[in-house]
Amino acid sequence: MDAQPNTGLGAIELLRVVILGVLVLGLLGTVIELILLEHYEEPLQFVPLVLIVAAIAVLIWHVMQPGDASLMSWQIVMVLSVLAGFLGILAHFHGSAEYQLELNPDMSTSELLEKILRAKAPPLLAPGMMIQLGLLGLAYAYSDSRYRTRVLHVLQRLGIPTKE
């Protein structure tokens with residue numbers, strides 16, 4: 001006896017819906033948190049806000065008019081989100097190091113690293129959320145059959161064996 005209800009969705013389509021739901025929750029939650037934390041005092045702090053707004057706009061476009069242009073735009077925004085996450089970690093590291101060295105310019109490198117890793121402001125790994133959202137967004141794009149077909153075609157042209 002099959003315990004799963006018949007929703008009319010295949011496994012990949014159902015997974016896409018779940019990924020999309022998690023993405024929307026993550027994007028909305030992150031942008032709300034950044035606004036509440038006033039993460040817009042310096043120009044560099046606008047990067048995650050702009051990327052999240054762009055992601056929401058492109059996602060709405062892609063859901064309403066799925067096509068190659070919206071899918072490619074989605075992929076670009078997601079890759080930029082991943083890159084911004086890594087750059088954000090570096091920016092948080094640098095900001096925390098500057099602050100800690102202002103408090104105690106004579107601390108050793110190991111003391112400085114420990115203070116940076118334990119700092120609550122700026123939290124070193126908080127930008128990792130942008131990396132997670134970007135990778136999840138790329139997984140959503142990859143679950144689109146048009147994208148998978150394109151990737152397989154490129155890999156085959158490069159001489160990389162693939163299973164279809």
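What follows is calculated from the coordinates using simple rules that are stated; it is not laboratory data. Treat the numbers as computed from the prediction; the structure is a model and nothing was measured. In this analysis, Cβ positions are derived from the backbone assuming ideal geometry, glycine residues included, and neighbour counts consider all displayed protein chains.
Highest average first, the peptides 13-20, 123-130 ordered by how many other beta carbon atoms sit within 10 Å of their residues are 123-130, 13-20.
Look at the alpha carbon pairs under 8 Å that are at least 6 residues apart: their mean separation over the length of the chain gives a relative contact order of 26 percent. Rounded to the nearest 500, the helix-only mean residue ellipticity at 222 nm of the chain stands at -25000 deg cm²/dmol, with each DSSP H run of n ≥ 4 adding -39,500 (n - 2.57). Screening the chain for whole DSSP H helices with an alpha carbon extent of at least 24 angstrom along the helix axis and a mean Kyte-Doolittle hydropathy of at least 0.5 yields 11-36, 46-64, 68-103. Here the simple spin-label model places points 7 Å from the Cα toward Cβ, and for residue 25 and residue 107 these points are separated by 3.6 nm.
Once fully extended, how much extra length lies between residue 76 and residue 44, figured as 0.36 nm per residue of separation less the alpha-carbon to alpha-carbon distance?
Gain on stretching residue 76 to residue 44: 9.6 nm.
Each residue, residue 152 and residue 15, gets one label point 7 Å from its Cα in the Cβ direction; the gap between the two is 1.4 nm.
The structure-derived value of mean projected area of the Cα convex hull in nm² appears in the list (i) 14.7; (ii) 10.4; (iii) 11.8 under the label (i).
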